[in-house]
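In what follows, a single structure is set out as structure tokens and then discussed.
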Amino acid sequence: MRPSTIVVLDNGASTIKAGEAPEDVIIVRIIPNAVVRSKGDKTTYFGHEMERCRDYSALHYRLPFEKGYLIDWDAQKAVWDGVFSSEILGVDTTESSLLITEPYFNLPNIQEVYDQFIFEEYEFHSYYRCTPASLIPFGQLFSSDTAPPAECLLVVDSGFSFTHVVPIIDRQIQWYAVKRLDVGGKLLTNQLKEVVSYRQWNMMDETYIMNHAKESCCYVSTNFLEDLETCRSKPKRNPIVKEYILPNFSINRNGRIRQPKDELAPTDQVLVMENERFTIPELLFRPDDIGLGQSGLSATIAASIMLLPSDLQGMFWANIGLIGGNTKFEGFYDRLCSELRSLAPVEFEVNVWQCASPITETFHSACSFVKDPEFFDHVVTRTEYMESGINASRRKFRDWQTSGENTKESEKGKAKEGLDDEDTVQISRKPSRARVRTNTTSTRRR
């Protein structure tokens, strides 16, 4: 018997996007994925309880994720308990199915703990685990009224810990061409804290405040050298300067950008944001500015596409999609389009697709996926897990390891039967040009 409730959990390192599907009206709930201790009111908040906090100064964060991987399971369980409770979703886990996202290149021992928590701790009826980018083909990011759905996509997922470039062919991630840039929202916030603490106020303990200042003031410059010269020639008297009024929690007032008509009170403290506004997001395109030995985002995208079959590369240049919180920076889209056009071959068209809410795009794509009648063919049930353990998940969930294992097993089986190499099905490896060409000529998009 299939469960009537399907819980969708986009389990990000910064926030959890949670909801129930299928429903007529799907409501996404964005919950901080952290256990937070406030020094102001001496209270500990678990995930969704953060909205009750009134003093955000000097918050101490305990994050379940570290360097992109889920390692603190006690903290994660405390957050999940709140998500599944009556305060948020109010679901009976024993009669529900779960779709949950996991990090790219997740480690096998961590995947095993996922299975143990889902089936042994929460006793879900069944569940499906996958990476965020693998759900995007089911959503509306690449939808068009004038062309059929593209079979070749490239998803740029710029999140809290890292930025990943993920090529997809026929809804399967091509793991051999996936690239990772070690710049995410956490690094940008930490860099802003260090710069501001050196130049103005000591903000090293004010992660929440500086993250809000980053999201409110920062932008990606489309002409970095020109903006830098503007700040140098007229310091604090140029159109780039913005004043961020620091919060005053004694009167329950949050931080905000100072408007032209705002009058400062004697107790107001002002943070002057000048070249910090664009030099911090610049790290996405120039990580070598802080000593990271990696190429920028545009060059990383080009390198990923170069690893793909040459006769399909034009389709990937024409279908580049953006998800993740960092893609919301003002100017990000224009800067990326400009740099990609200079890197792409002249005969290819460059199209970058963006959505209204890149933070929740994965969640909405997952909701579309669970409405597919074939969804329950991909899940692992609790009965299967109790019989086979983690092997049940490894058989059904395709990731960067199982895809390669399936390919090797397929090749061995074909060899025993005396079949030619040309008949071997390649899964998540560099595909045969002739085979892919016959499958995609009818839906080629430019």
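The values are calculated or read from the model by the stated rules, or taken from the named source; none is laboratory data. Being a predicted model, the structure only gives us computed values, none of them experimental. We place every Cβ from the backbone using ideal geometry, glycine too, and count neighbours over all the protein chains shown. In case anyone asks, the SASA skips ligands and DNA or RNA and just uses the protein heavy atoms, side chains included. Shrake-Rupley method; radii C 1.70, N 1.55, O 1.52, S 1.80 Å.
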Checklist entry - Using a ≥ b ≥ c from the Cα gyration tensor of the range 20-82 (square roots of the eigenvalues), is it rounded, prolate or oblate, where a/c under 1.5 gives rounded and otherwise the larger of a/b and b/c decides, a/b for prolate? => result oblate
Next on the checklist: Can you give me the solvent accessible area of TYR385 with a 1.4 Å probe, rounded to the nearest 10 Å²?
Outcome noted: 20 Å²
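So, for the chain, what is the accessible surface per residue at a probe of 1.4 Å, expressed in square angstrom?
Values: 21390 Å² over 446 residues.
Per residue, the chain has 48 Å² of solvent-accessible surface.
Using 20 Å as the Cα-Cα cut-off, could you pick out the over-long pairs in LYS17/LYS42; LYS67/LYS186; LYS234/LYS328; LYS67/LYS179?
Values: LYS17/LYS42 27 Å; LYS67/LYS186 10 Å; LYS234/LYS328 28 Å; LYS67/LYS179 16 Å.
The answer is LYS17/LYS42; LYS234/LYS328.
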Item to check | Highest-first arrangement of 60-67, 177-184, where packing means the average Cβ count within 10 Å | outcome: 177-184, 60-67
Checklist entry - How large is ³J(HN,Hα), in whole Hz, for each residue of the range 164-174 in order, when computed from phi with the Karplus curve 6.51 cos²θ - 1.76 cosθ + 1.60 and θ = phi - 60°, using x for Gly and Pro? => result 10, 10, 10, x, 10, 10, 6, 6, 10, 5, 8
Checklist outcome for this item: Read-out Rg/Rh (Cα atoms, Kirkwood Rh), candidates (i) 1.12; (ii) 1.01; (iii) 0.99; calculated match is (iii)
Next on the checklist: Ignoring solvent entirely, what values of log10 I(q)/I(0) come out of the Debye formula for the range 1-139 at 0.12 Å⁻¹ when each Cα is a single scatterer?
Outcome noted: -0.49
Next on the checklist: What three numbers, in Å, describe the spread of the alpha carbons of the range 62-104 along their principal axes, ordered from the longest?
Outcome noted: 32, 22, 14
Item to check | Length gained when the stretch VAL28-ASN252 is fully extended (0.36 nm per residue, less Cα-Cα span) | outcome: 77.9 nm
Checklist entry - ³J(HN,Hα) across the range 281-294 via Karplus (A = 6.51, B = -1.76, C = 1.60, θ = phi - 60°), whole Hz, x for Gly/Pro? => result x, 4, 4, 5, 9, 9, x, 5, 4, 10, x, 6, x, 9
Next on the checklist: Along its three principal axes, how long is the range 96-212 when you only count alpha carbons? Whole Å, largest extent first please.
Outcome noted: 51, 46, 28
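Give the peptides 273-284, 348-359 in descending order of average Cβ contacts within 10 Å, highest first. Show your work: numbers first, answer last.
Working: 273-284: 22.5, 348-359: 17.2.
Output ranking for 273-284, 348-359: 273-284, 348-359.
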Checklist entry - How would MET386, MET210 rank on accessible area, largest to smallest, probe 1.4 Å? => result MET386, MET210
Checklist entry - Mind ordering 44-56, 90-102 by average Cβ neighbours within 10 Å, highest first? => result 90-102, 44-56
Checklist entry - Counting only protein heavy atoms and using a 1.4 Å probe, what share of the accessible area of the chain belongs to carbon plus sulfur, as a whole percent? => result 47 percent
Checklist entry - When the helix-only estimate is applied to the chain (DSSP H runs of n ≥ 4, each -39,500 (n - 2.57), divided by the residue count), what is the mean residue ellipticity at 222 nm, nearest 500 deg cm²/dmol? => result -9000 deg cm²/dmol
Checklist entry - Hey, what D do you get for the range 144-243 in µm²/s if you plug the Kirkwood alpha-carbon radius into Stokes-Einstein at 10 °C and 1.306 mPa s? => result 94 µm²/s
Checklist entry - Among the aspartates and glutamates, which have Cα under 18 Å from the Cα of LYS371 when same-chain residues fewer than 8 positions away are ignored? => result ASP10, GLU20, GLU23, ASP24, GLU95, GLU361
Checklist outcome for this item: The summed charge of the VAL241 Cβ neighbourhood (under 14 Å; Lys/Arg +1, Asp/Glu -1) stands at +4
